[in-house]
1. Looking at F151 and the list (1) open to solvent by 10 Å² or more (accessible area, probe 1.4 Å); (2) at pLDDT 80 or above; (3) of a type in the set (F, W, Y), which single condition is not satisfied?
2. Return the only residue of D368, D398 being within 30 Å of G96 (Cα to Cα) and acidic (D, E).
3. Residues to consider are T402, T443; find the one that is surrounded by fewer than 20 Cβ atoms within 10 Å (Cβ to Cβ) and under 30 Å from R156 (Cα atoms).
4. Take the conditions of a type in the set (F, W, Y), under 19 Å from the mean Cα position of the chain (by Cα), open to solvent by 10 Å² or more (accessible area, probe 1.4 Å) and under 16 Å from A243 (Cα atoms) and apply them to F419. Does it pass?
5. What tally of residues in region 71-113 results from selecting those that are at pLDDT 85 or above and of a type in the set (A, V, I, L, M)?
6. Tell me yes or no: at least one residue of region 322-331 is surrounded by 24 or more Cβ atoms within 10 Å (Cβ to Cβ), closer than 16 Å to G297 by Cβ and touching a residue at least 12 places away in the same chain (Cβ under 8 Å).
7. Among the candidates R307, R303, single out the residue that is more than 26 Å from M268 (Cα to Cα), of a type in the set (D, E, K, R), out of contact with any His (no Cβ under 7 Å at 6 or more places or on another chain) and assigned to a helix (DSSP H, G or I).
8. Which pairs turn up if I take residues in region 120-137 that are open to solvent by 30 Å² or more (accessible area, probe 1.4 Å) and look for partners that are assigned to a loop (DSSP other than H, G, I, E, B) with beta carbon separation below 8 Å, at least 6 apart in sequence or on another chain?
Amino acid sequence: MKTDDNKPVHGLLAGHPGTTLSELPHSRAYICYVLGLLALVNVFNYMDRFVFSVLMELLKKDFDVLDTQLGALTGFAFALTYAIFGFLFARWADRGSRVNILSMAMGIWSLATVLCGLAWNFVSLFFARVAVGFGEAGGIPSTHSLISDYFRPERRATAMAIVTAGTFVGIALGNTLGGYIGENFGWRMAFVLAGAPGLLFAVVLKLTLREPPRQTAKSQHIGEGDVPFVTVLKTLFSRPAYAHLVLAVTIAVFASIASIQWAPAFFMRSHGLTLTQVGAVTGFVNGVGQVVALIIGGVLADRLARRDLRWQLWAPGIGMILSLPFFAAAYLAESWILAAFMFLLAGLAAGAVTGPLYAAIQSLANADMRAMAVAVIMFAASILGYGMGPLVIGVLSDYFSTEYGQDGLRYALLSSLAFSIWGAIHIHYAARHFLADAADAATGRVVQ
């Protein structure tokens with residue numbers, strides 16, 4: 001809709017309600033460009049992260065390792081570094097240039113992905129994955145903080161959903177291209193071709209993305225960037241909604257990452273698909289189901305949030321519960337076609353979770369604590385979700401395989417579904433405190 005310089009801007013533009021075009025630092029076209037750019041950052045981020053999952057069967061054969069070792073390589077090799085350095089990058093992002101951090105971090109994780117293709121044994125691959133985790137630790141805190149300053153609170157779920165859609169596009173590309181390249185040219189070339197484009201894109205990011213001014217109230221009585229780390233933690237966890245969201249996201253990540261990381265191996269072992277076939281199947285499921293659900297879920301949550309902001313939590317909780325029977329049917333299906341269809345339906349339900357939850361998290365943090373608010377959740381989700389999820393499934397798979405053979409992984413994955421119910425309970429309790437805690441964050445109050 002056409003507007004003039006004296007009328008309020010609606011839609012996704014940043015600023016407070018009533019901001020006029022003449023007051024905005026950037027044009028509509030540039031805001032859309034930023035949204036696309038940050039979505040592409042997520043595409044490269046998750047393509048580099050999850051290309052590993054479709055190559056696990058090749059790595060298992062070449063390095064002669066157990067599922068437990070693959071789970072450790074997929075989980076803790078990446079997650080521990082990702083979690084620890086996420087705090088450092090987030091602290092920096094709340095003080096300095098998020099654009100500089102994001103472009104540098106992207107260059108690091110892209111180079112590290114290339115180095116995975118040069119690994120000569122299990123140990124060298126382990127440390128290459130550690131380097132991937134280090135670089136990607138700077139991605140999400142900086143990205144989410146930038147979104148919070150480019151988009152108003154009541155529009156952030158849609159913006160977060162669009163950017164997060166890049167996550168599943170990246171997973172889809174990692175699976176599809178990784179599967180094809182891995183089967184036809186080897187796993188080393190798959191890693192190299194996944195990481196190399198990100199090196200160039202990091203330069204584009206640095207040259208074209210502008211650092212926006214930080215919006216809304218700063219922490220009271222403390223200058224920007226001067227909030228002590230302990231004060232940040234006390235302030236965030238003084239809000240019950242935030243504490244429950246930390247638990248909810250961590251539990252949700254445990255279940256979802258375990259499923260995504262091990263799905264290619266599941267289709268190969270239980271249904272006999274080739275590497276190229278499983279890459280196409282899992283790529284399609286993630287690229288269609290999750291992306292469509294993310295965008296629809298984000299838009300729907302924003303529309304409902306205009307009536308009650310708690311829909312940013314209620315919608316994800318409903319989606320999490322609705323996904324459970326479809327995941328169970330997928331793991332138990334005897335046909336790979338039925339399993340893939342059930343995964344698609346599960347993704348349509350579960351995909352609505354991420355965008356609204358991340359938007360809610362930003363509403364619960366002071367303006368100069370937003371990156372740290374994400375980093376705290378990243379730490380918990382990385383250690384217990386990214387780290388423990390694949391590892392626990394690997395251990396359970398080795399255990400069940402003694403009785404069920406190749407189908408041991410099927411029952412290991414099925415056992416992870418109980419965690420989604422637990423996560424939905426915490427979302428419910430977070431919603432009960434959300435409005436009061438979001439209002440408290442908007443004042444910039446800190447807890448000394």
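1. Result: F151 passes all but (1).
2. Being within 30 Å of G96 (Cα to Cα) and acidic (D, E) holds for just one of D368, D398, which is D368.
3. Every option except T443 fails the conditions.
4. So F419 does not fit the description; no.
5. Number satisfying all stated conditions: 9.
6. For region 322-331, residues surrounded by 24 or more Cβ atoms within 10 Å (Cβ to Cβ), closer than 16 Å to G297 by Cβ and touching a residue at least 12 places away in the same chain (Cβ under 8 Å): present.
7. R303
8. So the pair list comes out as F122/V65.
The values are calculated or read from the model by the stated rules, or taken from the named source; none is laboratory data. Please read these numbers as outputs of a predicted model, since none were measured by experiment. Cβ coordinates were reconstructed from backbone atoms using ideal geometry, including for glycine residues, and neighbour counts include every protein chain displayed. For the accessible areas, the whole protein counts, side chains as well, though only heavy atoms, and no ligand, DNA or RNA atoms are used. Shrake-Rupley method; radii C 1.70, N 1.55, O 1.52, S 1.80 Å.
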